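The values are calculated or read from the model by the stated rules, or taken from the named source; none is laboratory data. Source: prediction; values computed, not measured. Note that we place each Cβ from the backbone using ideal geometry, even for glycine, and neighbour counts take in every protein chain shown. Note: areas computed on protein heavy atoms with side chains; ligands, DNA, RNA excluded. Shrake-Rupley method; radii C 1.70, N 1.55, O 1.52, S 1.80 Å.
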Amino acid sequence: MPERRTVALVTLGCARNEVDSEELAGRLEADGWELVEDAAEADVAVVNTCGFVEAAKKDSVDALLEANDLKDHGRTQAVVAVGCMAERYGKELAEALPEADGVLGFDDYADISDRLQTILSGGIHAAHTPRDRRKLLPITPAERQSASGVALPGHGESTEVPDLPEGVAPASGPRAPLRRRLGGASPVASVKLASGCDRRCSFCAIPSFRGSFISRRPSDVLGETRWLAEQGVKEIMLVSENNTSYGKDLGDIRLLETLLPELAAVDGIERVRVSYLQPAEMRPGLIDVLTSTEKVAPYFDLSFQHSAPGVLRAMRRFGDTDRFLDLLDQIRAKAPAAGVRSNFIVGFPGETEDDLAELERFLMGARLDAIGVFGYSDEEGTEAATYENKLDEDVVAERLAHISRLAEELTSQRAEERMGETLEVLVESVDGEEGVVGRAAHQAPETDGQVVFTSGEGLRVGLMVEAKVVGTEGVDLVAEPLQGSRACTEEAGR
């Protein structure tokens, strides 16, 4: 009988990281590892780190140190760092954090089982020397699909792989096998649409360690979605660094408009959501599909970042307040109740009081459902880190607090505007103490608000329910299930 080997995955950061963790879990389970939720009960604790901003990096280091403490009084024998921070810093992270028994990059994912076994057995797998992953793929997008030997976490075909444990996705990738193990029983799952980014925003280091943009093939995305539906998933969220670029390396920049109706038609799928959209790349046809296709959420996760023209140019981005407001008008002309969220950076080098006032003007007119606000901080290796005219930290903090307060007020007002609306709500949790909670089409997992039901009678996780908004709690909505709705009627007849 083979020796029992246990592993726990601790995931930080975005939905893309969650998909990567599920890929690692699938690979490990397929190779005989037993997955456990509690790191204290695992032989190896794998921490999937985030390397986006300073706060996220600190959280990643804290998670690694916390896992290392388990070695003194738990089952844990080894702690391993993977993910963006591990990829971005490699050898440097290994030297700065000796508590980590291993630091593995994306190139190690295909052999994750062997890597962990080596480390668990007391061996050493040398951490990689970081490199600019944008240089690993051809400059011309059309040539990237035929490139080989480049690790792309989360990419894979829908080809059958025999003898996998129950619950592991049968898939093989164009460059390395891919298997996915869903974490938990959520009715929602993310699906990688692409990896990397070709944009050169001056504040962002992500392309340097995630690489150039490369799309997954539509058949692969469809195959994975069908598999997820078979596992009971009701909503899929398409994730990448930039979904509006999907298909440009496959010869069709409008491929997303074709793919979305096909995904929505998959048996068992009740909602398809698209995240990470670039305002400068939005096009009328994509707006049409997002606002008029049954089961595709009219949801727009638009990365505005700012609205003052001077700040946007310094960020190497495009647009201004009036253009952005016009884009929102185009969307709401087709779907008045469409959900819109965005993130913003305040205190960018050279940002003036007038620039801040321009951002306020945009926020006041935009009627956004969810707003994320971040204070600028230098990211090593980025163009903005070399800029002059840096603002004092206390000025950045003051502006962050001011815009955050404004954002909280405006999103609460937007929630109140939805009083009386009838929503399609996906039930996500049923708790005896906290009640029944779900999300409507304008609410993405984790980042946006939620819907709290006034009554949970007859409701269960995974059910899509029509409900009327009768109250608000900040950005959250309070809704009453409509007993005559299709979902409630079907549930009553069960």
Q) Which lysines, on any chain, are close to LYS234 with Cα under 18 Å apart, when same-chain ones fewer than 8 places away are left out? A) LYS192, LYS295
Q: Take the alpha carbon atoms of region 275-307, find their center, do the same for region 208-251, and report the distance between the two centers in whole angstrom.
A: 16 Å
(Q) Taking the Cα centroid of region 339-416 and of region 46-105, what is the distance between the two, rounded to the nearest whole Å? (A) 30 Å
Q) Across region 58-70, in residue order, what do the Karplus-derived ³J(HN,Hα) couplings come to in whole Hz, using 6.51 cos²θ - 1.76 cosθ + 1.60 with θ = phi - 60° and x for Gly and Pro? A) 5, 4, 5, 5, 4, 5, 5, 5, 5, 5, 5, 4, 5
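Which of rounded, prolate or oblate describes region 421-481 when judged by the alpha-carbon gyration tensor and an a/c cut-off of 1.5? Present the calculation step by step, with values, prior to reporting the outcome.
On the way: a/c = 1.29, a/b = 1.21, b/c = 1.06.
Rounded, because the longest to shortest axis ratio a/c is under 1.5.
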Q: With a bin width of 5 angstrom, please list the P(r) values of region 171-268 as percents of all Cα-Cα pairs, from the 0 bin to the one holding the largest distance.
A: 2, 12, 22, 22, 20, 13, 7, 2, 0
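Please work out how much length the chain gains when fully extended from THR258 to GLU41, using 0.36 nm per residue of separation minus the C-alpha to C-alpha distance, in nm with one decimal. Don't jump to the answer; show the numbers that get you there.
On the way: separation 217, 0.36 × 217 = 78.12 nm, distance 4.56 nm.
That works out to 73.6 nm of additional length.
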(Q) I'd like the Karplus ³J(HN,Hα) series for region 291-297: coefficients 6.51, -1.76, 1.60, θ = phi - 60°, whole numbers in Hz, and an x wherever there's a Gly or Pro. (A) 9, 10, 8, 4, 6, 9, 5
Q) Relative to the Cα centre, what is the charge dipole magnitude of region 59-110, using +1 at the beta carbon of each Lys and Arg, -1 at the beta carbon of each Asp and Glu, and rounding to the nearest 20 debye? A) 140 debye
Q: Answer with one residue from THR76, ILE214, PHE374: the one whose Cα lies farthest towards the positive end of the charge dipole of the chain, charges on Cβ with Lys, Arg +1 and Asp, Glu -1.
A: ILE214
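Suppose only helical runs count, i.e. DSSP H with n ≥ 4. What mean residue ellipticity at 222 nm does that imply for the chain under -39500 (n - 2.57) per run, divided by all residues and rounded to the nearest 500 deg cm²/dmol?
Details: 14 runs with 161 residues, N = 494.
Helix-only estimate at 222 nm: -10000 deg cm²/dmol.
Using the crude model of +1 on Lys and Arg Cβ and -1 on Asp and Glu Cβ, and no other charge, please compute the dipole size for region 11-106 relative to its Cα centre, in debye to 20.
On the way: 8 positive and 22 negative charges, 76 e Å.
Here the size comes out at about 360 debye.
May I ask you to compute the full-extension gain from ASP59 to MET364, defined as 0.36 nm times their residue separation minus their alpha-carbon distance, rounded to one decimal in nm?
Numbers: separation 305, 0.36 × 305 = 109.80 nm, distance 3.26 nm.
Result: 106.5 nm gained on full extension.
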Q: With label points built 7 Å along Cα→Cβ from the Cα atoms of GLU34 and THR129, find their separation and express it in nm.
A: 4.2 nm
Q.
Which of rounded, prolate or oblate describes region 182-417 when judged by the alpha-carbon gyration tensor and an a/c cut-off of 1.5?
A. prolate
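What FRET efficiency, computed as 1/(1 + (r/R0)^6) with R0 = 25 Å and r the Cβ-Cβ distance, is obtained for GLN413 and ASP354, rounded to the nearest 0.05?
Working: r = 25 Å, r/R0 = 0.99.
Taking R0 as 25 Å, the efficiency between GLN413 and ASP354 is 0.50.
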Q) With labels modelled as points extended 7 Å from the Cα through the Cβ direction, what inter-label distance (nm, one decimal) is found for SER377 paired with ARG217? A) 4.2 nm
Q.
Just want the answer: with Cβ charges of +1 for Lys and Arg and -1 for Asp and Glu, which residue in THR447, GLY365, ALA333 is farthest toward the dipole's positive end in the chain?
A. ALA333
Q.
Could you put ILE124, ILE269 in order of accessible surface area, largest first, with the 1.4 Å probe and the full protein assembly present?
A. ILE124, ILE269
Q) Say the dipole of region 205-296 comes from +1 at the beta carbon of Lys and Arg and -1 at that of Asp and Glu; which of THR244, THR293, GLY232 then lies farthest toward its positive end? A) THR244
**Q.** Three principal axis lengths of region 6-129 [C-alpha, angstrom, descending]
**A.** 34, 29, 25
Q: Hey, can you grab everything whose amide H is under 5 Å from the amide H of THR11? Only 5+ residues off in sequence or another chain; H modelled, so Pro and N-termini drop out.
A: ASN48
Q: For the chain, give the magnitude of the charge dipole about the Cα centre (Cβ charges: +1 Lys/Arg, -1 Asp/Glu; no others), in debye to the nearest 20.
A: 1580 debye
Q) Convex hull over the Cα atoms of the chain, averaged projected area in nm²? A) 24.0 nm²
Q: Report, by chain and number, residues whose modeled amide H sits under 5 Å from the one on GLY372, excluding near sequence neighbours (fewer than 5 apart, same chain).
A: SER342, ASN343, PHE344
Q.
Can you give me the solvent accessible area of LYS91 with a 1.4 Å probe, rounded to the nearest 10 Å²?
A. 110 Å²
Q: Return the long-range amide H neighbours of LEU238 (sequence gap of 5 or more, or a different chain), with a cut-off of under 5 Å between placed amide H atoms.
A: VAL191, ARG273, VAL274, SER275
Q) SER121 to GLU99: FRET efficiency via 1/(1 + (r/R0)^6), r the Cβ-Cβ distance, R0 30 Å, to the nearest 0.05? A) 0.95
Q. How large is ³J(HN,Hα), in whole Hz, for each residue of region 223-229 in order, when computed from phi with the Karplus curve 6.51 cos²θ - 1.76 cosθ + 1.60 and θ = phi - 60°, using x for Gly and Pro?
A. x, 5, 5, 4, 4, 4, 4
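Rounded to the nearest whole Å², what accessible area per residue is found for region 224-335 with the 1.4 Å probe? Intermediate values should be presented prior to the final figure.
Numbers: 3980 Å² over 112 residues.
That works out to 36 Å² for each residue.
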